[in-house]
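One structure below.
The values are calculated or read from the model by the stated rules, or taken from the named source; none is laboratory data. Just so you know, these numbers come straight off a predicted model, no measurement behind them. No Cβ is skipped: glycine too gets one built from the backbone with ideal geometry, and neighbour counts run over all protein chains shown. Side chains included, ligands, DNA and RNA excluded: accessible areas come from the protein's heavy atoms. Shrake-Rupley method; radii C 1.70, N 1.55, O 1.52, S 1.80 Å.
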Amino acid sequence: MFKKLPISETSSKEKMRKSFGLLLLCIACFFSDNISAQERLYSNQFSLADVQLGDGPFKHARDLNIETLLKYNTDRLLSPYLKEAGLIPKDSGYKNWDGLDGHVGGHYLSAMAMNVAATQNAECKKRMEYMLAELKKCQEANIVNHAGWGEGYVGGVPNSALIWTKLKAGDFNAYRAAWVPWYNLHKMYAGLRDAWAYTGNSIAKELFLKFCDWGINITAALSDEQMQEMLDTEQGGMNEVFADAYQVTGDNKYLVAAKRFSHRMLLEPLSKNIDNLDNKHANTQVPKAIGFQRIGELSGDAGYQNAGRFFWETVTNNRTLAFGGNSRREFFPAMSAAADFIDDVEGPESCNSYNMLKLTESLFRINPSVKYIDYYEKTVYNHILSTQHPVHGGYVYFTPARPRHYRVYSAPNEAMWCCVGSGMENHGKYNEFIYTHQHDSLFLQLFIASELNWKEKKISIKQETNFPFEAQTKLTITGGNALFNLMVRYPSWVSDGKLQVLVNGKPIKIQAKPASFLTIKRLWKKGDVVEIKLPMHHTIEQLPNLPSYIALMHGPILLGAKTGKENMQGLVANDSRWGHIAGGKKLPVSKAPILLQQNVSAIVKALQPVNNQPLKFITPGVKMANPVDAVFEPFFKIHDSRYMMYWKTLTDNQYKSYLDSITAVENERLALDAITIDFVAAGEQQPEADHGMEWKKSAGGVFHEEFYRNAFDSGYFSYNLATKGQTDISLSVRYYGDETGIRKFDIYIDDQKLATESLGGKWKDQKFHNVSYSIPAEMLQGKEKIKVKFQALPKTATGGIYYIRLLKKAP
């Protein structure tokens with residue numbers, strides 16, 4: 001178990017080391033005129049202003065993103081903050097994701113700050129400063145208008161007064177009824193921190209620290225047990241921002257707060273190298289791990305350090321797809337549910353990778369290992385870069401791995417998804433991790449066209465490359481002279497003995513191995529040139545826990561293939577609640593292309609380059625069932641199209657058996673989808689929030705890798721489901737067949753009883769059953785949506801409710 005004190009006391013040596021670290025923090029806060037705020041938080045990073053992007057896909061993405069950002073209305077983003085502060089908003093707030101009002105405003109502030117630092121864009125600077133001025137008014141107004149709880153507050157959480165007044169007193173009812181309040185607030189905490197960290201804005205720093213003090217005060221009376229109960233609800237990276245406040249000020253109260261905001265449910269197993277992530281909401285957990293790492297980094301607490309490190313290792317090694325993303329339907333699936341990646345259209349979420357990259361940067365500060373850069377590179381190219389539309393700049397929420405499906409994109413001023421918020425930031429910091437420094441060493445980590453101004457060494461460096469479309473890069477010292485170690489990354493995807501490095505035209509002897517750094521120490525002077533040859537080859541990556549599905553890689557680049565443009569409903573999403581899901585027709589998995597080979601390695605050998613089209617390949621020698629004229633190309637270049645990312649691979653004999661087994665199951669699933677009007681996956685966080693869940697004496701869980709929700713002793717839970725005006729429909733509910741005891745409950749449609757159900761001993765088997773209840777037309781007449789409620793009878797329980805659908809009559 002973890003101590004509740006801010007710093008564990010393990011030894012005198014440890015105490016001295018931590019005291020010295022605190023002294024360094026204080027010194028850094030005092031002698032800071034010559035370094036950027038960003039470098040004060042992240043000691044190995046260069047300021048964004050010191051790394052300029054050169055021409056290439058990343059600069060294009062950054063510049064397009066600025067154009068997209070400037071289409072948003074700052075007064076609409078600020079509206080929730082003014083409203084909750086008791087001020088009159090200057091414009092209406094954005095709709096979509098009602099109940100989470102305010103979260104995108106924090107992301108937007110971060111994005112403005114990043115682009116001010118990276119490009120000195122005057123309009124971004126104007127907007128950032130305007131937002132800070134308005135937020136300062138909100139913080140000041142909260143002192144007057146919410147004297148009992150509001151000093152320091154600068155949040156846009158709807159119904160703030162009730163939520164925080166009650167929470168301060170230990171009553172969590174309003175807090176639980178709201179949509180993830182701390183997660184919402186965390187985005188503005190991070191926005192204020194970033195506005196200071198990236199630009200040095202003193203107003204942002206003042207607002208941030210006062211907001212941190214508010215967070216400490218509002219939870220001061222809560223016991224540790226109540227804190228942990230509170231943290232059962234998604235909270236973003238609250239522990240991280242308090243750790244950052246500790247580094248900014250050196251004040252130990254913020255480190256205490258960071259530990260109080262750390263969720264032991266995740267912290268304690270991870271610290272012992274135990275993976276307990278199955279069926280947990282993925283992006284709820286990643287920010288916690290970032291906070292664990294930051295606390296460990298700043299305090300020296302080995303438990304926190306190990307939790308952050310092990311989380312990264314188990315996610316990247318066991319739960320990550322070939323393009324760097326993870327999760328399906330926003331959750332980490334268990335090993336037995338790996339097929340969900342193929343079946344579902346809600347693939348890895350962009351926010352997950354956004355946060356995993358942040359964790360990766362933090363871990364590299366402690367241990368500059370190439371494994372972190374290899375993952376970072378894979379994810380930046382294949383996931384992050386692919387989540388921006390290259391023409392209109394829209395953002396992607398889910399990236400399906402399902403064969404022959406597609407992605408949808410946001411439109412400015414329409415959808416306010418979480419991945420819109422993180423997407424605003426993603427494309428503004430591509431220059432953040434190309435280079436880092438430590439002592440007298442410069443780490444060359446990413447092969448991206450750029451120019452570095454290393455002020456400390458009074459030296460400037462230009463990197464020229466068209467990577468990955470060419471397998472090389474060139475560094476030129478364009479100004480200054482300095483003695484330092486150039487640490488050249490030897491990527492894991494370059495074979496042993498194949499890396500070539502020339503300094504001023506002369507090859508150097510390389511003893512380094514793949515997944516390490518090559519050290520070149522010399523007195524560097526203006527005009528020196530370093531040429532690096534990075535030969536790439538083809539490899540295969542299997543889908544985690546489902547090895548019959550493979551992805552094809554060229555170096556770190558995922559190769560996908562376009563498969564058509566039919567039925568891509570909602571390609572540019574509107575403001576609908578579920579517009580972030582690619583809801584067009586699911587093409588049968590059984591009819592997707594299948595690679596037929598006795599030996600999978602033969603597929604790699606069969607890839608042939610297309611003449612005069614870099615990074616495009618064909619496979620003329622590969623036998624294919626359900627064949628398509630596939631051209632393999634970088635996945636990040638595929639847009640506005642259905643695609644293949646993973647390919648089923650079978651021998652001829654396996655293929656025959658596969659067809660027999662899959663067709664019936666697939667046809668049944670597609671037939672059910674065709675008659676489904678609306679559905680909710682009970683027990684899953686996002687679908688329940690999407691359907692306006694209300695509940696009392698209810699809990700969710702997982703059984704046989706399926707989520708469920710139940711209620712007990714007169715408790716209930718309800719969802720709002722769309723009927724689309726239809727009246728000839730039924731309610732389908734999924735139950736498990738081996739419920740025992742008294743499991744009796746009523747089902748209501750808009751407070752009219754539809755049925756009474758009793759599950760105890762009903763089937764006495766160990767399988768799932770879908771039960772349909774016909775809904776009388778009079779309960780549906782004139783309605784576009786209905787409330788479906790499950791009410792436990794007194795002193796009994798509902799049993800597990802696993803999946804709920806409204807079904808129209810089959811044609």
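Can you go through Arg319, Arg328 and tell me which one is under 30 Å from Arg404 (Cα atoms), open to solvent by 20 Å² or more (accessible area, probe 1.4 Å) and not β-branched (Val, Ile, Thr)?
It is Arg319.
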Entirely in the stretch 540-618, the strands (runs of 3 or more DSSP E) that have 3 or more residues that are closer than 19 Å to Phe635 by Cα and not small (Gly, Ala, Ser): 546-554, 557-564
Test: residue in the stretch 750-770 that is touching a residue at least 24 places away in the same chain (Cβ under 8 Å) and β-branched (Val, Ile, Thr): no
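Kindly provide the set of residues from the stretch 115-159 that are in a loop (DSSP other than H, G, I, E, B) and either in contact with a Lys or Arg (Cβ under 7 Å, 6 or more places away or on another chain) or not small (Gly, Ala, Ser) (or both), ordered by number.
First, pick out the residues of the stretch 115-159 that are in a loop (DSSP other than H, G, I, E, B): 120-121, 146-159.
Matches in the stretch 115-159: Gln120, Asn121, His146, Trp149, Glu151, Gly152, Tyr153, Val154, Val157, Pro158, Asn159.
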Count of residues meeting criterion [surrounded by 13 or more Cβ atoms within 10 Å (Cβ to Cβ) and on the phi > 0 side of the Ramachandran plot] in the stretch 762-811: 1
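Only one residue in Gln445, Gln388 is in contact with a strand residue (DSSP E or B) (Cβ under 6 Å, 6 or more places away or on another chain) and at pLDDT 95 or above, so which one is that? First the steps, then the outcome.
Details: Gln388 fails: in contact with a strand residue (DSSP E or B) (Cβ under 6 Å, 6 or more places away or on another chain).
None of the others qualify; the one that does is Gln445.
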Looking only at the stretch 487-502, and only at residues there that are open to solvent by 10 Å² or more (accessible area, probe 1.4 Å) and part of a strand (DSSP E or B), the one that is farthest from Leu615 (Cα to Cα): Met487
Within the stretch 474-506, tally of residues that are under 30 Å from the mean Cα position of the chain (by Cα) and β-branched (Val, Ile, Thr): 2
Some residue of the stretch 237-254 being within 18 Å of Gly155 (Cα to Cα) and part of a loop (DSSP other than H, G, I, E, B): yes
One residue from Phe632, Phe703, Phe717, Phe679 being surrounded by 21 or more Cβ atoms within 10 Å (Cβ to Cβ) and closer than 27 Å to Leu277 by Cβ: Phe717
Test result for Val116, open to solvent by less than 10 Å² (accessible area, probe 1.4 Å), under 21 Å from Leu207 (Cβ atoms) and touching a residue at least 40 places away in the same chain (Cβ under 8 Å): no
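Among the candidates Glu129, Glu123, Glu151, single out the residue that is acidic (Asp, Glu), out of contact with any Phe, Trp or Tyr (no Cβ under 7 Å at 6 or more places or on another chain) and surrounded by 15 or more Cβ atoms within 10 Å (Cβ to Cβ).
Working: Glu123 fails: surrounded by 15 or more Cβ atoms within 10 Å (Cβ to Cβ); Glu151 fails: out of contact with any Phe, Trp or Tyr (no Cβ under 7 Å at 6 or more places or on another chain).
Answer to the selection: Glu129.
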Condition met for Phe242 (open to solvent by less than 10 Å² (accessible area, probe 1.4 Å), at pLDDT 95 or above, in contact with a Cys (Cβ under 8 Å, 6 or more places away or on another chain) and farther than 21 Å from Glu705 by Cβ): yes
Every residue from the stretch 345-368 that is touching a residue at least 60 places away in the same chain (Cβ under 8 Å) and part of a loop (DSSP other than H, G, I, E, B): Val345, Glu346, Pro368
Entirely in the stretch 29-114, the helices (runs of 4 or more DSSP H) that have 3 or more residues that are at pLDDT 95 or above and in contact with a Gly (Cβ under 9 Å, 6 or more places away or on another chain): 57-69, 74-84
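Residue-wise test of (1) touching a Gly at 6+ places or on another chain (Cβ under 7 Å); (2) open to solvent by 10 Å² or more (accessible area, probe 1.4 Å); (3) among the polar types (S, T, N, Q); (4) more than 21 Å from Tyr643 (Cβ to Cβ).
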{"position": "Pro390", "(1), (2), (3), (4)": "no, yes, no, no"}
{"position": "Gly393", "(1), (2), (3), (4)": "no, no, no, no"}
{"position": "Val396", "(1), (2), (3), (4)": "no, no, no, no"}
{"position": "Thr399", "(1), (2), (3), (4)": "yes, no, yes, no"}
{"position": "Met424", "(1), (2), (3), (4)": "no, no, no, yes"}
{"position": "Gln438", "(1), (2), (3), (4)": "no, yes, yes, yes"}
{"position": "Leu444", "(1), (2), (3), (4)": "no, no, no, yes"}
{"position": "Phe447", "(1), (2), (3), (4)": "no, no, no, yes"}
Near pairs, Cβ below 7 angstrom, 6+ apart or cross-chain, from the stretch 256-269 (over 16 Å from Asn306 (Cβ atoms)) to any residue that is open to solvent by 10 Å² or more (accessible area, probe 1.4 Å) and hydrophobic (A, V, I, L, M, F, W, C): Ala257/Ile216
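Here are some residues: Lys378, Lys288, Lys371. Which one is out of contact with any strand residue (DSSP E or B) (no Cβ under 6 Å at 6 or more places or on another chain), under 26 Å from Ala682 (Cβ atoms) and basic (Lys, Arg)?
Lys288
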Tally of residues being part of a strand (DSSP E or B) and either of a type in the set (Lys, Arg) or open to solvent by less than 10 Å² (accessible area, probe 1.4 Å) (or both) across the stretch 529-539: 3
Filter result (free of Cβ contacts under 8 Å to residues at least 40 places away in the same chain and farther than 15 Å from Arg402 by Cβ) within the stretch 570-603: Asn599, Ala602
Sole exception among (1) over 16 Å from Phe679 (Cα atoms); (2) not in a loop (DSSP other than H, G, I, E, B) for Gly799, by number: (2)
Which numbered condition Leu523 fails, given (1) assigned to a strand (DSSP E or B); (2) of a type outside the set (Phe, Trp, Tyr); (3) open to solvent by 80 Å² or more (accessible area, probe 1.4 Å); (4) closer than 27 Å to Phe332 by Cα: (4)
Top-ranked residue in the stretch 720-738 [being open to solvent by 30 Å² or more (accessible area, probe 1.4 Å) and outside any strand (DSSP E or B); ranked as nearest to Ala177 (Cα to Cα)]: Lys724
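Yes/no matrix, rows are residues, columns are (1) out of contact with any Lys or Arg (no Cβ under 8 Å at 6 or more places or on another chain); (2) touching a residue at least 12 places away in the same chain (Cβ under 8 Å); (3) aliphatic (A, V, I, L, M); (4) not in a loop (DSSP other than H, G, I, E, B):
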| position | (1), (2), (3), (4) |
| --- | --- |
| Ala161 | yes, yes, yes, yes |
| Asp171 | yes, no, no, no |
| Arg176 | yes, yes, no, yes |
| Lys187 | yes, yes, no, yes |
| Ala190 | yes, yes, yes, yes |
| Tyr198 | yes, yes, no, yes |
| Ala204 | no, yes, yes, yes |
| Leu207 | no, yes, yes, yes |
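For the stretch 325-338, check the following and say yes or no: at least one residue is over 17 Å from the mean Cα position of the chain (by Cα) and among the polar types (S, T, N, Q). Outline the logic, then answer.
We begin by selecting, within the stretch 325-338, every residue over 17 Å from the mean Cα position of the chain (by Cα); these are 334-338.
Keeping just the survivors that are among the polar types (S, T, N, Q) gives 336.
Scanning the stretch 325-338, I find at least one residue that is over 17 Å from the mean Cα position of the chain (by Cα) and among the polar types (S, T, N, Q), so the answer is yes.
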Filtered residues of the stretch 655-683 (kept if part of a helix (DSSP H, G or I) and touching a Ser or Thr at 6+ places or on another chain (Cβ under 9 Å)): Tyr658, Leu659, Ile662, Thr663, Val665, Glu666, Asn667, Leu672
Subset of the stretch 470-484 (residues that are crowded, with 16+ Cβ neighbours inside 10 Å and polar (S, T, N, Q)): Thr473, Thr476
